[in-house]
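Each remark here refers to the structure printed beneath this line.
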Amino acid sequence: MGERDAVVEPDGLRERQLRALADCDLADCDLADPCRGAGAAADDAELAAAARVAAALTGWSTAMVNVLLPERTCSLARMGGEAVPMVREESLCHRASLVGGPVVSDDCAADPLFADLPWVDGRLGAARRYAMAPLHLDDVVVGTLCVLDDEPGAPLGADRLAQLVDLAALTSALFARRREALVARADREAHERARAFDAAVLKALPVGVVVADADRRLTHVNDALRGWYGKGDDDTTDDGGGLPDAWSARYALFESDGTTPLAPERVPMARAFREGSVSGAEYVMRPADGPARTISGAGSRVSDAAGRLLGAVVVLSDVTAQRALEAQLREAATHDVLTGLPNRALLVERLVLALSEAHDLSGGTPWRVAVLYCDLDGFKAVNDVHGHAAGDAVLLAAAGRLSAGLRPQDVVARLGGDEFVLVCPGVADAAEAEAIAARLAREVGEPVLVGGVEHRVGVSVGVVLSAPGEGSEGAERLLSAADASMYTRKRERRERRAALTR
């Protein structure tokens, strides 16, 4: 029944008790509602039953289920007498709990463990008989199941004390169950909160999210993806999305060209299952109830800690605007803003390509590549007299006429100002190149009507042919030679006009 002669409270005991009771939500109990929280009603009834059984077992007038708080001893259930607040140091249960096991006192007034306490000496009460069995949580005594009586009587026998200890063990199990219920509720609430946040995140995300289970059934499609298809919450995954082989057709998926159906094995979700992960999977979706979109997909398989397959998740980003901007930037980097014709960078690229491919398709005489350098005559006067708007209109007209006069394999570019260059692969000789230049000069020389005003410009064309077998390294030489040829012809035209006016 414990050693009574040297009762000492261990260091840190109250902190350990408080932590254990806090785990059961009993660290702040009060007389009005001692057992609040998860399972409170059941705890009240079961603890009250424990107190009743203890009183009936011993036949004593009062039985209590008490917990030891740092400053108080609090009764969670009581049979007999009135519940009153108790200062911990003044309570019999505090003293008894320090003994280290069950405690029985047949005469508290004569027992040195209890004689000086106010609940014994008459200041607050006059307890005569007292017995308790400790209540444990793990290895910490957190309270007592105690019985007491203010009247003298027969001592509590060993059998009754053993039964009281057994009853205390059952009561301790109620505490442990309460703690487990609180942990389970906390886990459940945390899971519900996480699900609520996950749902809110999925709803707010501007990207599409699609989830499939281990059987490759689509189980979740978020609002963004539904919106792309013009669908509500009731018709995207009703049947699990169908078989994987049907996803491409069902969801109108195409290759990046927007016309070739996406092969079933190239669908990002199918790739995530097959390959484990996928990123940068780009394709086009063309839903019946929405605009075509260029989509980039990334995702992965999902497995549990044991490696069992749970499913897969794929995130889909709408990159339509990004791809359009990239195309615009590429266009701006390689094309003239006003006319839309290739600029010098793209012209050189095409000229290099033409030179590298210069050959006769029949295996005969190698191709020659003609470079025609064009400079508009009389354009400055249009700009100076009629303004830049009229000048731009004339440039656009000249660009259109130069383009209209080309063969499919030819390229025309604007280098800036009123200068244009044509690359004509497959030219047999200088006579053919000169014929092209003469035709273009006639077409560009036709009048241009701008705002009711007729404008006429001419064009000086420098012509140069690539040398037989000349490779791509000759691109810059040809451009320089064509430029020089153009200035020579422009000078010759001025000299002829000057001779005619003398």
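Coordinate-derived values only; no laboratory data. Predicted model only: the values in this text are computed from it and were never measured. With ideal geometry, Cβ positions are generated from the backbone for all residues, glycine too; neighbour counts draw on all protein chains shown.
Miscellaneous remarks
- Karplus-based coupling profile of the stretch 185-193, in residue order and whole Hz: 5, 4, 5, 5, 5, 5, 5, 5, 5, with θ = phi - 60° in 6.51 cos²θ - 1.76 cosθ + 1.60 and x standing for Gly or Pro.
- Per-q log10 I(q)/I(0), the stretch 208-323, q = 0.12, 0.20 Å⁻¹ (Debye; single scatterer per alpha-carbon; no solvent): -0.38, -1.09
- Under the shape rule built on the C-alpha gyration tensor, where the axes satisfy a ≥ b ≥ c, the stretch 185-225 is oblate, since a/c reaches at least 1.5 while a/b does not exceed b/c.
- The chain: calculated mean residue ellipticity at 222 nm from DSSP helix runs of at least 4, using -39500 (n - 2.57): -13000 deg cm²/dmol
- With the largest listed first and rounded to whole Å, the semi-axes of the equivalent ellipsoid of the stretch 335-501 from the Cα gyration tensor are 29, 18, 13.
- C-alpha center-to-center spacing [the stretch 408-485, the stretch 191-212] in angstrom: 61 Å
- For the chain, a crude dipole built from +1 on the beta carbon of Lys and Arg and -1 on the beta carbon of Asp and Glu, taken about the Cα centre, is about 2660 debye to the nearest 20.
- Value of relative contact order over the stretch 336-477, rounded to a whole percent, pairs C-alpha under 8 Å and six or more apart: 38 percent
- Rounded to whole numbers, the Karplus 3J(HN,Hα) couplings from phi for the stretch 87-96 are 5, 4, 5, 8, 8, 5, 5, 4, 4, 5 Hz, using 6.51 cos²θ - 1.76 cosθ + 1.60 with θ = phi - 60°, and x at Gly and Pro.
- Amide H contacts under 5 Å for W367: H359, D360, restricted to partners 5 or more places along the chain or on a different chain, H placed in the peptide plane at 1.01 Å from N.
- Nonlocal amide H pairs with G143, under 5 Å, H built at 1.01 Å: L68, L135
- Annotation: amide H of D377 within the under-5 Å range of G458, V459, S460, sequence separation 5 or more or interchain, hydrogens built in the peptide plane.
- The stretch 386-439: C-alpha gyration tensor shape, a/c 1.5 cut-off, then a/b vs b/c: prolate
- Among the listed values (i) 44, 34, 18; (ii) 31, 25, 24; (iii) 103, 24, 20, the one computed from these coordinates for semi-axes √(5λ) of the Cα gyration tensor in Å is (iii).
- Kirkwood estimate for the stretch 13-183, i.e. one over the average of 1/r between Cα atoms, Å: 15.7 Å
- Sequence-ordered 3J(HN,Hα) estimates for the stretch 475-486 from the Karplus curve with 6.51, -1.76 and 1.60 and θ = phi - 60° stand at 4, 5, 4, 5, 4, 5, 5, 5, 4, 5, 4, 4 Hz, glycine and proline given as x.
- With contacts taken as Cα pairs under 8 Å and at least 6 residues apart, the chain reaches a relative contact order of 9 percent.
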